[in-house]
Amino acid sequence: MSKLLVKPEEVDQDGKIIDVTPESAGWEYVGFQVYSLKEGASLKKETGTDEVCLVLLSGKANVKTNEKVFNEIGERMSVFEKIPPYSVYIPNDDYYEVEALSDLELAVCAAPGKGTYEARLIAPEDVEQSDRGSGKMSRKIHDILPEGKDADSLLVVEVYTPDGNTSSYPPHKHDKDNLPHESYLEETYYHEVNPSQGFAFQRVYNDDRSLDEAMTVEHRNVVLVPEGYHPFTAVPGYECYYLNVMAGPKRTWKFNNEKDHEWLFEGVKR
């Protein structure tokens with residue numbers, strides 16, 4: 001199995017099924033976990049040196065931090081309802097407690113914090129929705145924590161790729177700290193597939209092909225993108241969802257397209 005592919009584990013005592021840390025990924029900035037909590041279960045964690053964005057993938061919850069309480073949040077019971085999620089931003093040196101009011105799938109997105117911003121609720125109406133691309137490159141975007149919203153490091157977005165379509169395409173990369181031309185951002189892709197027995201494909205590769213991995217992606221898999229281009233394809237009959245988490249030394253998304261495929265942008269809404 002590719003070292004860039006992380007598959008879910010059996011639920012541990014905290015409800016965790018996915019665990020990506022900077023140490024396990026071999027990078028510096030991005031951490032990502034998924035918890036599958038039964039109704040009535042709770043999760044308590046310190047944020048430590050990281051800021052955190054809790055994304056309620058599905059289900060309802062109460063969330064409490066040192067300073068704030070957000071009760072009875074959550075609306076969608078499946079990511080494939082395609083409505084924006086409820087999320088909670090929490091700064092470093094803080095704490096959160098999540099109480100599941102229903103069965104709950106919770107993503108925990110983490111990156112280094114500087115204590116600049118207070119904890120806050122990100123409600124569905126705060127999430128910008130857009131359509132990107134056209135034809136077989138079209139997909140639906142939910143910007144949960146984009147560059148224009150307050151955070152120290154984190155960028156968080158979810159994407160819906162219709163069956164048979166390709167997204168994160170034409171291929172682009174953001175692996176050079178060379179602003180204003182390109183930013184260095186590590187990235188995780190958390191995937192869900194509908195129906196869940198389906199699969200999809202993702203390729204991660206760089207210009208000199210010293211990295212070139214093509215992976216079969218299944219339900220609840222995570223793909224790590226330490227560098228290079230990273231297009232994704234949903235096979236016919238199976239629509240796909242992914243949650244992207246990005247972070248790097250500077251919080252800006254400046255990417256470069258693979259030049260061989262730039263002709264695909266002709267007449268396309270990027």
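My understanding is that a pair violates if its Cα-Cα distance is over 28 Å; which of K149/K176; K16/K82; K68/K140 do that in this structure?
Distance filter (> 28 Å) returns K68/K140.
Just read off the accessible area of D177 with the full protein assembly in place, 1.4 Å probe, to the nearest 10 Å².
Looks like 90 Å² after rounding.
So how exposed is E72, as accessible area in Å² (1.4 Å probe, rounded to 10)?
Solvent-accessible area, nearest 10 Å²: 150 Å².
Which value, in debye to the nearest 20, gives the size of the charge dipole of region 95-202 about its Cα centre, when Lys and Arg are +1 and Asp and Glu are -1 at the Cβ?
Computed about the Cα centre, the dipole is about 520 debye.
Given the pairs K38/K173; K3/K44; K64/K173; K7/K64, which span a C-alpha to C-alpha distance of over 32 angstrom in this model?
Pairs exceeding 32 Å: K38/K173; K64/K173.
Got a sec to turn the phi values of region 97-111 into Karplus ³J(HN,Hα) couplings, 6.51 cos²θ - 1.76 cosθ + 1.60 with θ = phi - 60°, whole Hz, x for Gly and Pro?
Running phi through 6.51 cos²θ - 1.76 cosθ + 1.60 with θ = phi - 60° gives 10, 10, 10, 6, 8, 8, 4, 9, 10, 10, 9, 10, 9, 9, 7 Hz.
So what is the 222 nm mean residue ellipticity for the chain from helices alone, if each DSSP H run of at least 4 adds -39500 (n - 2.57) and you divide by all residues, rounding to the nearest 500 deg cm²/dmol?
0 deg cm²/dmol
So, counting K/R as plus one and D/E as minus one, what does the shell of residues with Cβ under 15 Å around P124 add up to?
-2
With the radius of gyration and the Kirkwood radius both derived from the Cα set of the chain, what is their ratio Rg to Rh?
Radius of gyration over Kirkwood radius for the chain works out to 0.94.
Evaluate the charge dipole of the chain about its Cα centre and quote only its size in Debye, nearest 20, assuming +1 on the Cβ of each Lys and Arg and -1 on the Cβ of each Asp and Glu.
560 debye
Quick one: if the Förster radius is 45 Å, what FRET efficiency do S42 and F265 give, using the C-beta to C-beta distance and rounding to 0.05?
Result of the calculation: an efficiency of 0.45.
Filter the trypsin sites (Lys or Arg not before Pro) in region 28-131 down to the DSSP loop ones having no more than 14 other Cβ atoms within 10 Å, then list what survives.
For trypsin sites (Lys or Arg not before Pro) across region 28-131 that sit outside H, G, I, E and B with at most 14 neighbouring Cβ atoms in 10 Å, the list reads K38, K82, K114.
For region 156-222, with only Lys/Arg (+1) and Asp/Glu (-1) charged at the beta-carbon, what is the dipole magnitude about the Cα centre, in debye rounded to 20?
140 debye
Kindly report, to the nearest 10 Å², the accessible surface of L121 as traced by a 1.4 Å probe over protein heavy atoms only.
60 Å²
At a Förster distance of 51 Å, what's the computed FRET efficiency of T252 paired with D103, Cβ-Cβ distance as r, to 0.05?
Once the sixth-power term is evaluated, E becomes 0.90.
State the answer as a single residue: which of Q13, N62, A234 lies farthest towards the positive end of the charge dipole of the chain, with beta carbon charges of +1 for Lys and Arg and -1 for Asp and Glu, about the Cα centre.
So the residue furthest toward the plus end is A234.
Could you give the accessible area per residue of the chain, probe 1.4 Å, as a whole number in Å²?
Solvent-accessible surface per residue comes out at 44 Å².
For the chain, can you list the cysteines whose C-beta has no other cysteine C-beta under 4.7 Å from it?
C240
When the C-alpha atoms of region 83-186 are aligned to their principal axes, what extent does each axis show, in angstrom, from largest down?
Principal extents (Cα only, largest first): 43, 40, 20 Å.
With just the Cα atoms defining each centre, how far is region 245-265 from region 195-233? Give it in Å.
One Cα centre to the other: 16 Å.
The values are calculated or read from the model by the stated rules, or taken from the named source; none is laboratory data. Treat the numbers as computed from the prediction; the structure is a model and nothing was measured. Counting neighbours? That spans all protein chains shown, and the Cβs are built from the backbone with ideal geometry, glycine included. Just the protein is used for accessible areas: all its heavy atoms, side chains included, with ligands, DNA and RNA removed. Shrake-Rupley method; radii C 1.70, N 1.55, O 1.52, S 1.80 Å.
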